Amino acid sequence: MRGKSWCGVLVLAIACAGARRPPLQPANPLPARAPAVATAPIAAATAGDDAGTPPTDAAAKLQLSAATMPPPAPLAELLALPGSATTSLGGPSSGKLVGGIALPDSGPGFVHNHERPDAARFGSIELVQLIARAAERVAQQLPGSVLVVNDLGLEAGGPIAQHGSHQNGRDADILYYTLDQKRVPIPSVGVPLDPTGKGWDFKDLSIASDDQRVQLDAPRSWRFVQALLELAPESVQRIFMVEHVRSMLLAQADKVHAPKAVRERFADVTCQPEAPHDDHLHLRLFCTPQDMAAGCLDSPPVYPWRRDALKALGLSPMIASAYTKPEHDAAHKRITTPKQARAKAGRMDARVLQFLHEREVWLKRPHPGRAYCR
Ligand SMILES: [Zn+2]
């Protein structure tokens, strides 16, 4: 029997709470040697404003609402929907979503992480379409690619377990593409990656013999962010990721001679926030002009190119105000403290403890002093 897994152990992190669904076959299957997604224990998301919460009441609530949900529409249908299909209201940390679209279980080059709550897979039409299109582009160019997508938001948006933001349908947590020790692509299990791009899937935390090495798949991970920025260059507001993965992806961009504009845009929009984002990236999209008219609000920063794009439409940036005290307190209640996480984890073998110790080095927000990431 499995013991405690990564879930709930990682600092500021994660809880693998989730409605379990049957195993999925990605539309582009991985090589036969790779384990199926279903067998991989997924230590889900940490995020800047995402953070773990104990997998208790909130998870049960999500599971409950998932049981009453209709199945997601087929992907082709979703890709044909116009922007008016959904409306984001308010800001990422204080918003709502009208007409939320469910990310399908799978599509060409992606799967929704079946370990995550079904109820947390809803986003704006722009977000769902962009993820699907970018994943497909990666799979076409680098066969064997399967993107694993974690939480988006709730069908009607609003506060969601384990996240401070993800409220107006414009945020998504996405796992980095990963490789096994022999550099074979494997569906990401969302474990923290160290400054060399390596991590451990510890599985049962109390047993060392089942530990498996994983590493960042930089070519695919870069190709994915490149696809995001090519498909929606004006729409990507932020990509939260740990500083060392950012550096590795910039190095990969140089290696493959990625277009300069894409590389620079990536450099601008990426930042490591309070939570490290060493096990997933967090994508945030700007409001569309249509949604702005309905009351959609962005978060800072507003880049000159965004300001210019809005100006061309006769619009000015509309920014959500900072957390009010009650919102701040409520967001904190949704997250797990390091102490709670450790207490929950039970016994951990020496390698796990060692890794957690090493991780302290990159957990803190680095403040690199860049123009849009101070
Ligand atoms: Zn997130």
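Rundown of residues vs (1) charged (D, E, K, R); (2) over 25 Å from S165 (Cα atoms), yes/no style:
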site: R213; (1), (2): yes, yes
site: D217; (1), (2): yes, yes
site: F224; (1), (2): no, no
site: V236; (1), (2): no, no
site: V242; (1), (2): no, no
site: A251; (1), (2): no, yes
site: P259; (1), (2): no, yes
site: Q272; (1), (2): no, no
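Within region 192-223, if we keep just the residues that are among the aliphatic types (A, V, I, L, M) and at pLDDT 95 or above, the residue that is nearest to M241 (Cα to Cα) turns out to be L193.
Mind checking which pairs have a first residue in region 266-282 that is in contact (Cβ under 8 Å) with a residue 40 or more places away in the chain and on the phi > 0 side of the Ramachandran plot and a second that is within 12 Å of the ligand (Cβ to nearest atom) and of a type in the set (K, R), Cβ under 7 Å, 6 or more apart or different chains? Listed by first residue and then by second, the contacts come to nothing, as the list is empty.
Of all the criteria given as (1) in contact (Cβ under 8 Å) with a residue 40 or more places away in the chain; (2) out of contact with any Lys or Arg (no Cβ under 7 Å at 6 or more places or on another chain), the one not satisfied by A345 is (2). The selection criterion, being of a type outside the set (A, V, I, L, M), closer than 20 Å to H280 by Cβ and surrounded by fewer than 24 Cβ atoms within 10 Å (Cβ to Cβ), holds for R133. Residues of region 334-374 that are aliphatic (A, V, I, L, M) and within 17 Å of L205 (Cβ to Cβ): A341, A343, A345, M348, A350, V352, L353, L356. Among the residues of region 262-280, are any more than 28 Å from V361 (Cβ to Cβ) and within 16 Å of the ligand (Cβ to nearest atom)? Looking for residues that are more than 28 Å from V361 (Cβ to Cβ) and within 16 Å of the ligand (Cβ to nearest atom), one finds none in region 262-280, hence no.
All conditions in (1) over 16 Å from the mean Cα position of the chain (by Cα); (2) closer than 29 Å to A331 by Cα; (3) away from the ligand (no atom under 16 Å from the Cβ) hold for G95, with the sole exception of (3). Only strands (runs of 3 or more DSSP E) whose full extent lies in region 168-272 are considered here, and the ones with at least 3 residues that are buried (at least 24 other Cβ atoms within 10 Å of the Cβ) are 171-175. Filter region 114-127 down to residues that are assigned to a loop (DSSP other than H, G, I, E, B) and within 28 Å of D291 (Cα to Cα), then give me how many there are. The qualifying residues number 4. When V138, V149 are screened for being within 13 Å of the ligand (Cβ to nearest atom) and either surrounded by fewer than 24 Cβ atoms within 10 Å (Cβ to Cβ) or of a type in the set (V, I, T) (or both), only V149 passes.
Of all residues in region 230-243, those that are over 16 Å from I131 (Cβ atoms) and within 16 Å of the ligand (Cβ to nearest atom) have Cβ atoms under 7 Å from Cβ atoms of residues that are modelled with pLDDT under 95 and aromatic (F, W, Y), 6 or more apart or on another chain, in V242/W362.
Within region 289-305, one or more residues are more than 16 Å from the ligand (Cβ to nearest atom), among the small types (G, A, S), part of a helix (DSSP H, G or I) and touching a residue at least 24 places away in the same chain (Cβ under 8 Å). Applying the set (1) among the acidic types (D, E); (2) within 30 Å of S84 (Cα to Cα); (3) buried (at least 17 other Cβ atoms within 10 Å of the Cβ) to D279 leaves exactly one unmet item: (2).
The values are calculated or read from the model by the stated rules, or taken from the named source; none is laboratory data. The structure displayed is predicted, hence computed values, not measured ones. Cβ sites come from the backbone with ideal geometry, for glycine too, and all protein chains shown count toward neighbours.
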